[in-house]
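Just so it is clear, none of the values below were taken in a lab; they were calculated from the coordinates. Keep in mind that what you see is a predicted model, and the values were worked out from it rather than measured. Positions of Cβ are generated from backbone atoms using ideal geometry, with glycine treated the same way; all protein chains shown enter the neighbour counts.
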Amino acid sequence: MSFWNVTLKLLEASKFTLGIFFLTLLIAIPLGMVICACSMSKFKPLKYVSQVFVWIIRGTPLMLQIMVVFYAPGLLFGTPIQDRFLAAIIAFAINYAVYFSEIYRGGILAMPKGQCEAGQVLGMNRAQINAFVIFPQVVKKITPAMSNEVITLVKDTSLANIIAISEIIFTANSIVSTKAIIWPLFYTGVFYLVMVGVLTLFFKWLEKKMNYYKA
């Protein structure tokens, strides 16, 4: 199999990799805020349930969570998920939402209480303090941690091959097994390096833009 044909097949498979990546972020970023709010809630039952949920997700491998989401409905209720891609998105979104929620929580807890008091002295209400004082500084603080998680997500998309989604690694493995050549598997590293490189440049640019905000 020629280098060009392998490249075309891996480019075609990258649509699943990119699909998992972008849909996961689209769901996980706002969902993480909800989980963070629950974990920091003053309503103790909600807080404890949220903390246990976070503990379970953080304490189990993402690969296992993907298999649970895909196989558990069929085993428990007799109604298996027909769409493998949907199962992967659900598992990835829940997993990353939990990790994002902990990053959000850490950023919020790191804010000095004096920031809120200063806003109150200036006559700002709670919503204005959150929007114009707390939020910009929290975003700046959590950007390095968020960028690390987002870059990790690019590589974690390869775990979707456990339920036979034709992402880059799954496609390369198929070529290796059918054509008896090993190099396509190593060639996949180029695709991940390109994606990670683009994200690295983006987050460097973003961090420079947010240098306006000083904690």
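Return the residues of region 170-207 that are of a type in the set (A, V, I, L, M), farther than 30 Å from Gln137 by Cβ and free of Cβ contacts under 8 Å to residues at least 60 places away in the same chain; say none if nothing qualifies.
Val176, Ala180, Ile182, Leu185, Val190, Leu193, Val194
How about region 59-146: which helices (runs of 4 or more DSSP H) wholly inside it have at least 3 residues that are within 16 Å of Ile29 (Cβ to Cβ) and under 21 Å from the mean Cα position of the chain (by Cα)? Spell out the reasoning first.
Values: elements: 62-77, 84-109, 113-121, 126-129.
Helices (runs of 4 or more DSSP H) meeting the threshold: 84-109.
When you look at Leu193, is it part of a helix (DSSP H, G or I) and surrounded by 13 or more Cβ atoms within 10 Å (Cβ to Cβ), yes or no? It would help to see each step written out before you state the result.
On the way: part of a helix (DSSP H, G or I): yes; surrounded by 13 or more Cβ atoms within 10 Å (Cβ to Cβ): no.
Considered against the rule, which asks whether it is part of a helix (DSSP H, G or I) and surrounded by 13 or more Cβ atoms within 10 Å (Cβ to Cβ), Leu193 comes out as no.
In region 169-190, what residues are of a type in the set (A, V, I, L, M) and in a helix (DSSP H, G or I)? Walk me through how you get there before you give the answer.
Applying the first criterion (of a type in the set (A, V, I, L, M)) to region 169-190 yields 169, 172, 175-176, 180-182, 185, 190.
Listed by number, the residues that qualify are Ile169, Ala172, Ile175, Val176, Leu185, Val190.
Out of the residues in region 19-36 meeting the condition of being surrounded by fewer than 16 Cβ atoms within 10 Å (Cβ to Cβ) and not aromatic (Phe, Trp, Tyr), tell me which one is farthest from the chain's Cα centre (by Cα).
Taking region 19-36 as the starting set, the residues that turn out to be surrounded by fewer than 16 Cβ atoms within 10 Å (Cβ to Cβ) are 22, 26, 30, 33-34.
Restricting the remaining residues to those that are not aromatic (Phe, Trp, Tyr) gives 26, 30, 33-34.
Numbers: Leu26: 9, Pro30: 11, Met33: 13, Val34: 15 Å.
Per the criteria, the residue is Val34.
Looking at (1) under 26 Å from Leu64 (Cα atoms); (2) in a helix (DSSP H, G or I), find the lone condition where Ser166 falls short.
If we test Ser166 against (1) under 26 Å from Leu64 (Cα atoms); (2) in a helix (DSSP H, G or I), just (2) comes out false.
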